[in-house]
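Notes to accompany the following structure.
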Amino acid sequence: MTNATKAKARRRAAPTLPNPGSSRGVWLVLGAIALAVVIIAVVFRDGGTPAVSPAGSVSIDRASGPPIAVGDVVPGWAAPSLTGSGDVRWSDAAGRPTVLAVWAPWCPHCQAELPRLDAALEAYPSVGLVTVATAIGNQPGPTPQEYLDGGGLSFTVGVDDQADTIMTGLGVVSFPTTYYVAADGTVMDVTTGEVDPAQLDAILARLAGG
């Protein structure tokens, strides 16, 4: 074998060393992908719905317990307003008959019932309406604001936290759960799910008259 042939063989057999600059580029790309995955995991909760966290904290004067029932007093609670304009406080409804609806934006029964409730209350101006959006992102669906905008609704909404603090404190186990609260603060009636329009009107008439 000639010297030239031997030199060619050595060149072919020589290992190829990685390009340091190319290796750094690969790691930078992999790092960017990992960061994007983390950001998506933070921004999106279970079900793929964007997290909703208005400024403010959630509190309730009852950590847990059986569902609030007829004759009970709704515990005091506070939650950030969906509009971002301060807090919604249950104490602000004191002294006035008020309907308190607890709902989830992905719940089909809530999506059907809340517009009916809002419309029915137009006949009873003395009765207030306060709502709490909870379990947000537990299943696929719109955000609370998307739901309101889609239905042309504008009632008061307090936003529960990711621990569902208000839902747990009230003992809510299904959506929507609606409390019809007399002016003295006691619960006059409770309904869950969709309510027959005639039944709803009868409850509201009794609440307004009580």
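Each value in this text was obtained by applying a stated rule to the coordinates, not by laboratory testing. This one's a predicted model, so the numbers in the text were calculated from it and none came from an experiment. When we count neighbours, we look across all protein chains shown, and the Cβ atoms used for this are built from the backbone with ideal geometry, even at glycine.
Charge tally for residue 203 (other residues, Cβ to Cβ under 14 Å; Lys, Arg +1; Asp, Glu -1): -3. Available extension along the chain between residue 122 and residue 91 is 8.9 nm, counting 0.36 nm per residue and deducting the alpha carbon span. Both numbers refer to the Cα atoms of region 52-210; Rg and Dmax are 14.3, 40 Å. Ranked by the mean number of other Cβ atoms within 10 Å per residue, highest first, peptides 195-203, 130-138 order as 130-138, 195-203.
The gain in end-to-end length when the residue 156 to residue 201 segment is fully stretched comes to 14.1 nm, 0.36 nm per residue minus the alpha carbon separation.
From most to least packed by mean Cβ count within 10 Å, the peptides 56-64, 92-100 give 92-100, 56-64.
Here residue 183 and residue 163 are evaluated by their C-beta separation; at R0 = 45 Å the FRET efficiency comes out at 0.90. Under 5 Å from the amide H of residue 132 lie the amide H atoms of 101, 102, 103, 158, each residue being 5 or more positions distant or on a separate chain, with H modelled from the backbone and absent for Pro and chain starts. Counting only DSSP beta bridges whose two residues both lie in region 59-209, roughly 65 percent are antiparallel. Extending 7 Å from Cα along the Cβ direction at residue 194 and again at residue 173 yields two label points whose distance is 2.3 nm.
Less than 5 angstrom separates the built amide H of residue 87 from those of 81, all sequence-distant by 5 or more or on a different chain.
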